[in-house]
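Quick notes on the structure that follows.
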Amino acid sequence: MPLLEIENLVVRYGSALVLDRVSLAIDNGECVAVIGPNGAGKTTLLRSISALKDWEGKMSFQGRDLAGVSSSQTVALGIVQAPEGRHLFPQLSVRENLELGAFLAKEKAQKDTNYEYVLELFPRLGERLRQMAGTLSGGEQQMLCVGRALMSSPRILLLDEPSFGLAPLIKEAIANAVRQIRAKGTTILLVEQDAHMAFELAQRVYVLEEGHISTTGTSKELSEDPSIRSSYLGL
Amino acid sequence: MELIQEIIIFGTIKGCVYALIATGFTLIFAVAGILNLAHGTFYMLGAYFTYTLFYVLGIPLPPAILLAAVLVGALGMLLDRVFLKPMRSSHTYVLVLTVAVAFAAQEIILLTYGSQGMNIPNLIEGSVNLNGVVVSWHQLLIVAITAVVLIMLWLVLTRTRYGVATLAVSMDEDGARLVGIETEKVFNLSMFASAFLAAVAGALISPIMSMTPEMWNMPLMKAFVVVVVGGIGSLTGSIMAAFFLGWLETFTGFVISPKLTEVVSLVLLTVFLVFRPSGILGRRLH
Amino acid sequence: MLANLKTPAQRHTAIFYGLIMVGFYFVPVFSDNFYLLSVFTTAYFYIIFATSWDVFAGYSHLMNFGHALFIGIAGYLTAFVDLHLGLPPLLVLPMCAVVCGLLGMFIGYLTLRMQGPYFAIITMAFAAVAYESAIMFSEYTGGEEGIPGIHPLTDSLIGDYYFVLVVMSLIFLFLLWFTRGRWGLVLKAISQNEDAVLASGINTAWVKIRAYSISGALCGIGGSVYAYSLTHVGPTSMEQVLSTTILIMAMVGGMGTITGPFLGALILVLFNELSRDMEEYRLLIYTVMVVVIIFFAPRGIVSWGQPIARAFKLGGKRGQAGS
Ligand SMILES: Nc1ncnc2c1ncn2[C@@H]1O[C@H](COP(=O)(O)OP(=O)(O)O)[C@@H](O)[C@H]1O
Ligand SMILES: [Mg+2]
């Protein structure tokens, strides 16, 4: 049984159909990427999974039906997102942001372990614990965003364009962190416009175009597909 | 010298009442984006409920005020859950519905209690001479209670789990939902706190100012001024602006003309909205 | 205009409002009861106020909580000009329109960048400043008492009735024409997505300022006729309650439709007057009814028009598609 299974997901904004019968499945421990052009519906897909947006169709997580589950409950189930736009708490410190990441965590020991883990992953956050999140640089904010998500021990981590708008060096640091998270066995659903990064990090890739999945396959297969190479890899 | 003392003392008392009114108004605006035109209604109900609990049911004054404030808080939650929840994101709907509720409440109070002004007794009788300025004990108590209430609010917001969650929601609602905060619960608690604070202010003022079915207008206007001057969404700003307004009004009344006290807030409001919008606009509205 | 009535639903709407309007002209034929005529005259005033409110606030969704400002300014202007210069109403009305139009333009300019709640507060504040000034500068304004003795419009009740009705009809028709055309579309589009309209090369600031100016000018005409009709103007003509009542009428009828505020004003004024024998419960019932209508029909009672028409098989399928 897949960890997260989505069948015929349909999402609308008003009368506009944004996701049209999207189906995908992710196994435990996998790292799967969704790529697609701007406006394809990638963010909408992640927002629906996190119950920030109403949807129709079928979604299940660990066999449990996600219909009617609130955003808070999805976090409790272990579906955690580092969203597009980061959505940090700008007037709170880095430490407070991380603590809020563990809002639903019950055990203090687990919280402490996660805290250590995040600071190990992003040592730069450790140097800025008392700084307000709103005053961090873009790269640091992205680290904090991923770090905050890790604070609640995710079963599946949803990453929405984590490298967007970052300088190459910082981008590499984020990619590195994703590799480490993956190596620890956390399942990852990565949304990316940067297809190079997606192919490098993910085992399998879905291509989302205008609200539906146009192609899917392993990273290796797709990176050899001539049409994908020309439209996404610029080759 | 005495004049300056008087302005400081009476301005501070006024400022306390404004601070109680405005913090709740700011809180629910920052958290849920609700500009609640029925906020003055909570203030009014705080006074009238206290009156009934005290005179009709014979409950001693301090618990009567507390109980009245809790009841008003519950009504606030009810208003939010029943009327506002379906369309919280529409400013238009929220504005018109809350103003309509305010008028309906005014009529209910008018029918129940009549239009004549009423008072409740002071919490403590008597007065004290502060360096030549005579102040009633009740007025001093208003200052003390305000201080305690505001400190408690601050402690709740910074030290408790749902207090911090409230701050988080006011800064980024999606972010808050993504860490698992139940925003609906935060809205409910904020609405409770907001109505509770306004009710306390209404009950504390009514030994000094008569309660009437129209008494909800004044606090609403003051809340606007305080919130605009202090910066929407900023609790600290609101509290500072509340005292600023209290002093400025008292100064105007004592030094220039009592006729002008009401105009002060209007002028302040217009000047700030027109000439200092960038300096005061809160996060929520850029 | 008739060329625009393409669908049966639109034709039925036009017939519906046309009949109401014609009916208004025949009221004095059936009764010259003073009370009845004055109730209808009051309704016409509120129709002017609510529909002129709608052309800016209803279409742009910027809640104007101080529309009575224009009523008061026009009223005081009318009193000054009438009592000191002795100009005839037919000169005074355009004058009030111009002054209030310019005032609308000025406020529109000042408040251009303000969003929903701020806009609500600032409009409230402007009207309140005017209200307080009217009380404060009592040498000129008569303070709380106001200024009595404005000359009446005509020398008979029926004459006044028709004067107000004609002004109301002209304003209503003008607003229908104005909002059903390009300007109405642009205003609606701005309220939905201002950036997109800007991107298509339209100066949205100017569109909004212009709509506010028209809103003010028409309300100014109404305010002037109102002062003539009462032969008196006072600070109550710019009270917050009046502004709020206007906005509630528009919301109850259906914002951004012109016909909605027309119906809202008519129904609420008639209800308010006809329920006089409920004595003290009248205002309670009135306010509670308003809350209930807004709660159940946030888009106003005009939004009931289509279901009702469908129930009676009016309009038909094409009507729904075309609206
Ligand atoms: N809040 C919204 N309201 C209306 N339409 C939206 C909203 N958010 C996104 N959309 C539309 O949904 C489509 C998909 O957007 P999104 O999921 O953000 O795409 P992506 O993340 O792939 O760039 C776009 O056409 C966008 O215009
Ligand atoms: Mg996106």
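Values quoted throughout were computed directly from the atomic coordinates according to the rules given, and no laboratory measurement underlies them. Keep in mind the model is a prediction, meaning the values are calculated, not measured. Reconstructed Cβ throughout: ideal geometry from the backbone, glycine too, with neighbour counts over all protein chains shown.
Which of the peptides B:231-241, B:76-86 is most tightly packed, and how do the rest follow, going by the mean number of other Cβ atoms within 10 Å of each residue? Present the calculation step by step, with values, prior to reporting the outcome.
Working: B:231-241: 21.3, B:76-86: 18.1.
Highest to lowest by the protection proxy: B:231-241, B:76-86.
Between the alpha-carbon centers of the stretch B:111-177 and the stretch C:214-283, tell me the distance in whole angstrom.
If you average the Cα positions of each part, the centres end up 38 Å apart.
Report, as an integer, the average count of C-beta atoms from other chains found within 10 Å of each Cβ along C:277-286.
That average works out to 3.
Below 8 Å between Cα atoms, with a sequence gap of 6+, how large is the relative contact order for chain B in percent?
On the way: 414 pairs, mean separation 106.8, N = 286.
Relative CO of chain B lands at 37 percent.
Angle, helix A:108-121 long axis vs. longest principal axis of chain A, Cα atoms, 0 to 90°, nearest 10?
70 degrees
Once you keep just the Cα pairs under 8 angstrom separated by 6 or more residues, what percentage relative contact order results for chain A?
Values: 437 pairs, mean separation 64.4, N = 235.
Dividing the mean separation by the residue count of chain A yields 27 percent.
Determine the shape class of the stretch C:1-112: with a ≥ b ≥ c the square roots of the Cα gyration tensor eigenvalues, call it rounded for a/c under 1.5, and otherwise prolate if a/b is greater than b/c, oblate otherwise.
Note, shape of the stretch C:1-112 comes out oblate.
When chain B is treated as a GNM, springs tying every alpha-carbon pair under 10 Å, which of B:ALA32, B:ALA242, B:ALA69 comes out with the largest mean-square fluctuation?
In the Gaussian network model the winner is B:ALA32.
Could you please report the charge total around C:LEU153, scoring K, R as +1 and D, E as -1 over all other residues with beta-carbon less than 15 angstrom from its beta-carbon?
Within the 15 Å Cβ shell, the charges total -3.
When Lys and Arg each count +1 and Asp and Glu each count -1, what net charge do the other residues less than 12 Å away from A:ASN114, Cβ to Cβ, add up to?
Combined, the nearby Lys, Arg, Asp and Glu give -1.
Largest first, please: the extent of the C-alpha atoms of the stretch C:171-224 along each principal axis, to the nearest Å.
Principal extents (Cα only, largest first): 39, 18, 15 Å.
Cα centroid distance between the stretch A:150-223 and the stretch C:4-78, in Å?
The stretch A:150-223 and the stretch C:4-78 have Cα centres separated by 60 Å.
Round to the nearest 0.05 the FRET efficiency obtained for A:GLN73 and B:LEU260 when R0 = 60 Å and r is the Cβ-Cβ distance.
Rounded to the nearest 0.05, the efficiency is 0.60.
Considering the Cα trace of the stretch A:44-96, what is its radius of gyration and what is Dmax, both in angstroms?
Using the Cα atoms of the stretch A:44-96, the pair Rg, Dmax is 12.9, 39 Å.
With an 8 Å cut-off on Cα pairs and a minimum separation of 6 or more residues, tell me the relative contact order of the stretch C:125-283 in percent.
29 percent
I'd like the distance between the alpha-carbon centres of the stretch A:6-61 and the stretch C:125-198, rounded to an integer number of Å.
Cα centres, the stretch A:6-61 to the stretch C:125-198: 51 Å.
Where both residues lie in the protein assembly as shown, what percent of DSSP beta bridges are antiparallel, nearest 5?
Working: 28 of 46 bridges.
DSSP beta bridges in the protein assembly as shown are roughly 60 percent antiparallel.
Any idea what the dipole of the stretch C:46-183 comes to, in debye rounded to 20, about its Cα centre with Lys/Arg Cβ at +1 and Asp/Glu Cβ at -1?
Values: 3 positive and 8 negative charges, 154 e Å.
Result for the stretch C:46-183 is approximately 740 debye, rounded to the nearest 20.
Once you have a ≥ b ≥ c as the square roots of the Cα gyration tensor eigenvalues for chain C, tell me rounded if a/c is under 1.5, and otherwise prolate or oblate according to whether a/b is larger than b/c.
Oblate.
Take C:SER156, A:SER23 and order them by how many other Cβ atoms sit within 10 Å, fewest up front.
Working: C:SER156 11, A:SER23 15.
Least crowded to most crowded, the residues run C:SER156, A:SER23.
I want to verify the translational diffusion coefficient of chain A in µm²/s; compute it with Stokes-Einstein, Rh as the Kirkwood radius over Cα pairs, at 20 °C and 1.002 mPa s.
For these conditions, the coefficient is 119 µm²/s.
Ignoring everything except DSSP H segments at least 4 long, calculate the 222 nm mean residue ellipticity for chain B; use -39,500 (n - 2.57) per segment, divide by total residues, nearest 500.
So the helix-based figure for chain B works out to -23000 deg cm²/dmol.
Among A:CYS31, C:CYS219, C:CYS100, A:CYS145, which comes first, then next, by fewest other beta-carbon atoms within 10 Å? Walk me through the intermediate numbers first.
On the way: A:CYS31 23, C:CYS219 34, C:CYS100 29, A:CYS145 26.
Ascending number of Cβ neighbours within 10 Å: A:CYS31, A:CYS145, C:CYS100, C:CYS219.
With a Förster radius of 25 Å, plug the Cβ-Cβ distance of A:ALA183 and A:ARG124 into 1/(1 + (r/R0)^6) and report the FRET value to the nearest 0.05. If you can, show how the numbers build up before the last one.
Values: r = 20 Å, r/R0 = 0.80.
E between A:ALA183 and A:ARG124, to the nearest 0.05, is 0.80.
Quick one: give the max-minus-min coordinate of the C-alpha atoms of chain B along each principal axis, largest first, in Å.
57, 47, 36
For chain C, return all DSSP H helices satisfying: extent of Cα atoms along own axis at least 15 Å; mean Kyte-Doolittle hydropathy at least 0.5.
Length and hydropathy pass: C:8-30, C:34-53, C:68-80, C:89-110, C:116-136, C:157-180, C:204-230, C:240-253, C:259-274, C:281-296.
Return the average number of partner chain Cβ atoms within 10 angstrom of each residue Cβ along peptide B:105-111.
4
Let me confirm one metric for peptide A:57-64, namely the mean number of other chain beta-carbon atoms within 10 Å of its residues' beta-carbons.
Partner-chain Cβ atoms within 10 Å, mean over residues of A:57-64: 0.
Report the Stokes-Einstein translational diffusion coefficient (µm² s⁻¹, integer) for the protein assembly as shown, Rh taken as the Kirkwood radius over Cα pairs, at 25 °C with viscosity 0.890 mPa s.
This corresponds to a translational diffusion coefficient of 82 µm²/s.
What percentages make up the Cα-Cα pair-distance distribution of the stretch A:76-214 when the bins are 5 Å wide from 0?
Whole-percent P(r) values from 0 Å outward: 2, 10, 21, 24, 21, 13, 7, 3, 1, 0.
Which percent of Cα-Cα pairs in the stretch C:107-193 sits in each 5 Å bin, short to long?
3, 10, 9, 11, 13, 18, 17, 11, 7, 1, 0
Per the helix-only calculation at 222 nm, which mean residue ellipticity applies to chain A, given -39500 (n - 2.57) for every DSSP H run of n ≥ 4 and division by its residues, nearest 500 deg cm²/dmol?
After summing the helix terms and dividing by the residues of chain A, the value is -11000 deg cm²/dmol.
For the stretch A:1-133, what is the Kirkwood estimate of the hydrodynamic radius, computed as the reciprocal of the mean inverse distance between distinct Cα atoms, to one decimal in Å?
Evaluated over the stretch A:1-133, this radius sits at 16.8 Å.
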